[in-house]
Structure formats: C-alpha cells, structure tokens
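Every number here is computed from the coordinates shown, using simple stated rules; none is lab data. This is a predicted model, so every value here is computed, not measured. For neighbour counting, all protein chains shown are included, and Cβ atoms are generated from backbone atoms with ideal geometry for every residue, glycine included.
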Amino acid sequence: MTTRIELDAPKCVASGLCVMAAPDVFDQREDDGIAIVLVEEPAGDSLPGVREAVSLCPAAALRLVAG
C-alpha cells in the first residue's frame, strides 16, 4: 500500500514546519515560502517525518492519503 501526500497550497501559511520535520520530502517556494512536496509518495524511513509534518502543520494544509 502506498501513502500519498496532498498539499492544499492556498491554506499553507509558510511556517516551514514541514520542511524542518521532513526536509527530504518538503521544501518551500523562494518567493512566498509556500510548501512544495518533493516526494508525493514517501516510503520507508521518511514516513515518520512526514507524519510529524502533517501533525505539526498549523494550517492543516497537509494530509496523508492511503492508496
């Protein structure tokens, strides 16, 4: 089973918590700091950081979808 990240970019407040929790999976746009998903289907060692990023997001702009 794969896990996919969904980002609701208009909700993002550019806090950067997702990047701090999972820097290999998330980044931020240069111009406004809005989150970018680098790896849409994370696996293995990156999943704990991704789960933390989703739970820390102050705008609830991230979610994990099992598929």
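Summary of computed values
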read-out: Within-11-Å neighbourhood charge of Pro42 [Cβ basis; K, R +1; D, E -1]; value: -2
read-out: Cα→Cβ-extended label distance, 7 Å offset, between Thr3 and Asp32, nm; value: 2.9
read-out: Sparse-neighbour loop sites [GluC sites (Glu not before Pro); the chain; at most 12 other C-beta within 10 Å; DSSP]; value: Glu30, Glu40
read-out: Local electrostatic count, Leu7, Cβ distance below 11 Å [Lys/Arg +1, Asp/Glu -1]; value: 0
read-out: Cα long-axis angle, helix 47-56 against the chain (0 to 90 degrees, to the nearest 10); value: 40
read-out: Cα-centre dipole for the chain with unit charges at Cβ (Lys and Arg positive, Asp and Glu negative), debye to 20; value: 280
read-out: Whole-percent pair-distance distribution, where bins are 10 Å wide, for the alpha carbons of the chain; value: 24, 60, 15, 1
read-out: Surrounding net charge for Gly67, when Lys and Arg each add one and Asp and Glu each subtract one, Cβ distance under 15 Å; value: -1
read-out: Relative contact order, percent, the chain [alpha-carbon distance under 8 Å, six or more residues apart]; value: 47
read-out: Extension gain, Asp24 back to Ala66 (0.36 nm per residue minus Cα-Cα distance, nm); value: 13.1 nm
